[in-house]
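A.B. asks: If you scroll down you'll find the structure; I have some questions about it.
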Amino acid sequence: MNLVATEAARERAASANKRYLDVAAVTKRFGTATVLQDLNISVARSEFISLLGPSGCGKTTLLRLIAGLMKPDGGRIAINGSDLTQVPAHKRNIGVVFQNYALFPHLTVEQNVAFGLEAQRTPKAEIGARVQNALALVRMQAFAERRISALSGGQQQRVAVARALVVKPSLLLLDEPFSALDRKLRETMQIELRHLLRDLEITSIFVTHDQDEALVMSDRIAVMNEGRIEQLGTPDEVYSAPASLHVLEFVGQSTRIGGTADASALNGTASVETPLGKILAPLHDGSGVSGKVVLGVRPECIALGERPDANFNEISAELTDIVFFGSKTALHFQPPGADDRIQVEVARVPSGIAQGVALKLYWPISETMVYPAP
Amino acid sequence: MIPRLSFALCWVMLSLALLFLFTPIVIVVAVSFTESAVFSFPPQGFSLKWYYSIRNADGLLASAWLSAQVAFISTLISLVLGTLCAIAVVRRMVPGGDVIATFMASPLMIPGLVLGIAFLQAARLVGLNDAYTTLLVAHVVLTMPFIMRTVLASLSMFDFSMVDAARMLGCSYPRALWRVLVPNILPGVMSGALFAFIASFDNYPISIFLVDVHTKTLPIQLLNQLEMSPDPTVAATSALLILATVLALIVCDRLVGLKRMTTI
Ligand SMILES: Nc1ncnc2c1ncn2[C@@H]1O[C@H](COP(=O)(O)OP(=O)(O)OP(=O)(O)O)[C@@H](O)[C@H]1O
Ligand SMILES: [Mg+2]
């Protein structure tokens with residue numbers, strides 16, 4: 001009896017933990033335009049979630065609503081069970097790293113980091129040590145006395161992170177913090193920040209429109225489109241089982257082929273008539289499709305040659321381009337009657353292949369995705 | 001050839017500009033130390049008697065005090081109102097903000113005489129008979145463009161996400177403005193305030209319509225003085241004003257840096 005009770009308590013704690021940040025049915029309108037519509041998202045404690053989506057889909061708006069810099073027109077935002085909707089921004093104890101860092105140019109690095117502690121009336125004796133600590137976390141101790149204008153982009157970024165973390169926020173929000181950095185530095189900073197936040201066990205929401213960044217850094221990715229979350233899942237789930245055509249198009253490379261699905265789906269497999277011939281696709285969780293559909297395939301699933309057996313789809317298309325990327329080579333095919341070209345990735349270009357020849361391509365039926373046409 | 005020519009031209013222009021700017025100043029200062037009772041250059045002898053005579057000259061000190069008061073109070077009012085107004089315009093808190101901003105800056109483009117007559121008639125219309133109050137109101141309008149222009153320029157370069165950052169770090173909105181916005185726009189605002197103060201202090205065309213016998217600003221009193229008893233007292237007063245301006249510039253330089261003030 002007792003055992004069952006503790007079990008239940010533990011389960012309740014675990015589920016509360018899963019809903020550390022809870023955004024429920026949040027709506028935001030600007031004038032007549034609805035930017036967010038009944039949006040829900042729950043973030044677990046210590047989780048790192050990316051908001052990924054095209055420009056203008058409402059990522060920054062969602063972040064500002066959570067931060068309290070804007071008021072929602074409906075819905076509820078809670079952290080750790082306590083409702084924040086009526087709490088003003090400066091009392092929420094949420095850290096924010098802004099896209100352009102928003103460092104204070106009239107203060108030194110040290111003073112920037114100390115700003116939050118002073119605003120929260122931390123005892124003077126404590127401030128110095130905590131500032132040094134925060135600067136050490138981002139390896140910026142040597143720059144403590146510098147003016148902000150005398151720092152590089154990457155260094156400014158680090159100071160912005162230190163300034164947000166020093167107050168021990170209950171949640172960290174990052175709005176495209178790497179968008180001003182060059183690619184090389186960006187990749188280093190991504191890994192560095194991910195390690196830092198993991199070590200500190202800070203719950204973080206990270207906005208980006210760079211899918212690679214989201215895939216590399218996140219525990220889970222929320223793919224947004226037009227003010228809604230289309231899919232919330234691990235990077236693997238989002239990449240290999242996109243919940244919608246938009247997610248498929250937005251995350252990773254893919255080939256799309258339009259066609260008409262047969263009304264009768266045979267034992268969980270849809271048969272789609274396309275300009276390239278008949279293509280089979282598995283249907284998940286008993287859903288059926290009929291009428292106009294779009295098929296999707298990832299480039300790394302497609303191989304050159306004849307299909308070994310009936311578990312594969314096979315088409316034939318003309319090779320139009322060979323694009324060399326170093327570690328891989330992309331082959332572009334233009335199938336007859338289709339407007340989307342087909343991308344295939346190979347490690348090495350097989351001998352005897354040249355532009356203009358028609359080749360056979362195949363991929364597993366299980367790797368074919370099917371969506372209703374928009 | 002061309003570069004050398006333009007280089008030479010540059011120097012010629014600079015020398016001429018300096019000559020035109022400094023000659024009157026040098027002459028006025030020199031004349032203020034003369035012993036002779038007439039306005040003559042070069043000055044004869046050396047004395048400070050015209051400086052002493054400022055005290056005895058009819059109403060000169062009183063009008064200087066009045067001008068300083070009007071300039072200071074009107075600049076202060078413009079500073080507070082103008083800064084708040086500029087924030088509202090830049091943050092698009094009011095519809096048609098750009099129109100408002102242009103309107104607030106427009107007195108700079110209207111001839112002073114027109115404004116002066118307009119103020120006189122407006123004051124009559126609303127039954128405002130007190131010269132001091134009328135002067136103050138007119139000078140708020142007069143100083144506003146200087147404040148608006150410099151504050152708007154400073155604000156347009158100010159990144160408001162800094163205010164958001166300060167709020168997220170625990171400052172309420174007003175406190176965030178005070179701790180982050182004010183220090184960052186201060187150099188621009190100070191230069192605007194300095195220009196506004198000077199513009200008010202030496203305004204003639206508007207004030208001439210609004211003064212009365214007991215309430216005369218310094219420029220008007222100086223001109224009266226020049227007509228009634230044209231002795232070097234006026235030169236001594238001017239020399240003191242020049243000194244005050246130089247001191248003000250030095251203080252501003254110490255406080256915010258002249259370079260930062262003039263770049264805005
Ligand atoms: N203050 C505002 N007033 C009116 N419309 C706004 C305002 N802020 C944002 N919007 C609109 O809301 C939509 C979402 O904006 P938001 O800034 O959240 O997009 P985003 O996903 O962050 O885009 P990006 O990737 O370009 O930063 C946009 O269409 C934008 O025009
Ligand atoms: Mg954004």
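A.B. asks: Do the conditions hold for B:S172, that is, is it open to solvent by 20 Å² or more (accessible area, probe 1.4 Å), modelled with pLDDT under 90 and hydroxyl-bearing (S, T, Y)?
C.D. replies: The answer is no for B:S172.
A.B. asks: Can you tell me which residue within region A:324-353, out of those that are of a type in the set (A, V, I, L, M, F, W, C) and open to solvent by 50 Å² or more (accessible area, probe 1.4 Å), is nearest to the chain's Cα centre (by Cα)?
C.D. replies: So the residue we want is A:F325.
A.B. asks: Which one of the conditions (1) open to solvent by 60 Å² or more (accessible area, probe 1.4 Å); (2) farther than 14 Å from B:A235 by Cβ; (3) among the aliphatic types (A, V, I, L, M) does B:A8 fail to meet, given that it meets all the rest?
C.D. replies: (1) is the only condition that B:A8 fails.
A.B. asks: Are any of the residues in region B:64-78 among the small types (G, A, S) and open to solvent by 40 Å² or more (accessible area, probe 1.4 Å)?
C.D. replies: No.
A.B. asks: May I pose another question? In region A:58-70, how many are more than 12 Å from ligand 1 (Cβ to nearest atom) and over 17 Å from A:P177 (Cβ atoms)?
C.D. replies: Number of matching residues: 1.
A.B. asks: Among (1) without any contact (Cβ under 8 Å) to a residue 60 or more places away in the chain; (2) within 16 Å of ligand 2 (Cβ to nearest atom); (3) more than 14 Å from chain B (Cβ to nearest Cβ), which single condition is A:M70 missing?
C.D. replies: It fails just one condition, (3).
A.B. asks: Now for a different question. Out of the residues in region A:155-186 that are modelled with pLDDT of 90 or more and farther than 30 Å from A:K18 by Cβ, which is farthest from ligand 2 (Cβ to nearest atom)?
C.D. replies: A:Q155
A.B. asks: Please name all residue pairs, on different chains or six or more residues apart, with Cβ atoms under 6 Å, provided the first residue is in region B:155-179 and is more than 9 Å from chain A (Cβ to nearest Cβ) and the second residue is part of a helix (DSSP H, G or I) and of a type outside the set (A, V, I, L, M).
C.D. replies: B:F158/B:N184
A.B. asks: Would it be correct to say that B:F146 is under 22 Å from B:L79 (Cα atoms) and within 10 Å of chain A (Cβ to nearest Cβ)?
C.D. replies: no
A.B. asks: Being at pLDDT 95 or above, more than 8 Å from chain B (Cβ to nearest Cβ) and more than 25 Å from A:A144 (Cβ to Cβ) is the requirement here; does A:I79 meet it?
C.D. replies: Answer is no for this residue.
A.B. asks: Please enumerate the residues belonging to region A:31-67 that are in a loop (DSSP other than H, G, I, E, B), hydrophobic (A, V, I, L, M, F, W, C) and away from ligand 2 (no atom under 16 Å from the Cβ).
C.D. replies: The answer is A:A44, and nothing else.
A.B. asks: Taking the stated definitions as given, is A:L103 among the hydrophobic types (A, V, I, L, M, F, W, C), more than 16 Å from ligand 2 (Cβ to nearest atom) and within 21 Å of the chain's Cα centre (by Cα)?
C.D. replies: So A:L103 does not fit the description; no.
A.B. asks: Another question, if that's okay. Quick check on this structure: which one of B:L181, B:L218, B:L210, B:L226 is within 30 Å of B:A37 (Cβ to Cβ) and open to solvent by less than 30 Å² (accessible area, probe 1.4 Å)?
C.D. replies: Being within 30 Å of B:A37 (Cβ to Cβ) and open to solvent by less than 30 Å² (accessible area, probe 1.4 Å) holds for just one of B:L181, B:L218, B:L210, B:L226, which is B:L218.
A.B. asks: Looking only at residues in region A:82-105 that are more than 10 Å from chain B (Cβ to nearest Cβ) and assigned to a strand (DSSP E or B), which one is surrounded by the fewest Cβ atoms within 10 Å (Cβ to Cβ)?
C.D. replies: A:S82
A.B. asks: Scanning for something of a type outside the set (G, A, S) and within 16 Å of ligand 1 (Cβ to nearest atom), does region A:145-162 turn up at least one residue?
C.D. replies: no
A.B. asks: If the requirement is being touching a Pro at 6+ places or on another chain (Cβ under 6 Å) and modelled with pLDDT of 90 or more, which of these qualifies: B:G116, B:G82?
C.D. replies: Only one candidate passes the filter, namely B:G116.
A.B. asks: What helices (runs of 4 or more DSSP H) lie completely within region B:23-137 and have 2 or more residues being within 22 Å of the chain's Cα centre (by Cα)?
C.D. replies: Here the list reads B:60-90, B:97-105, B:112-126.
A.B. asks: Is there a residue in region A:40-50 that is at pLDDT below 90 and in the same structural domain as A:S170 (by TED's automatic domain parsing)?
C.D. replies: no
Per-residue answers, yes or no, for (1) hydroxyl-bearing (S, T, Y); (2) surrounded by 20 or more Cβ atoms within 10 Å (Cβ to Cβ); (3) away from ligand 1 (no atom under 16 Å from the Cβ):
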{"site": "A:T188", "(1), (2), (3)": "yes, no, yes"}
{"site": "A:I191", "(1), (2), (3)": "no, no, yes"}
{"site": "A:H195", "(1), (2), (3)": "no, no, yes"}
{"site": "A:E201", "(1), (2), (3)": "no, no, yes"}
{"site": "A:I221", "(1), (2), (3)": "no, yes, no"}
{"site": "A:I229", "(1), (2), (3)": "no, yes, no"}
{"site": "A:G233", "(1), (2), (3)": "no, no, yes"}
{"site": "A:V238", "(1), (2), (3)": "no, yes, yes"}
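A.B. asks: If a residue has to be open to solvent by 30 Å² or more (accessible area, probe 1.4 Å), within 22 Å of A:Y20 (Cβ to Cβ) and within 15 Å of ligand 1 (Cβ to nearest atom) to count, how many in region A:41-57 make the cut?
C.D. replies: Total satisfying the criteria: 0.
A.B. asks: Filter region A:106-122 down to residues that are in a loop (DSSP other than H, G, I, E, B), more than 8 Å from every other protein chain (Cβ to nearest Cβ) and of a type outside the set (D, E, K, R) and give me whichever is nearest to the chain's Cα centre (by Cα).
C.D. replies: In this case the residue turns out to be A:L107.
The values are calculated or read from the model by the stated rules, or taken from the named source; none is laboratory data. Only a predicted model underlies this, so the values are computations on that prediction, with no experimental measurement involved. With ideal geometry, Cβ positions are generated from the backbone for all residues, glycine too; neighbour counts draw on all protein chains shown. The accessibility values were calculated without ligands, DNA or RNA, using every heavy atom of the protein model including side chains. Shrake-Rupley method; radii C 1.70, N 1.55, O 1.52, S 1.80 Å.
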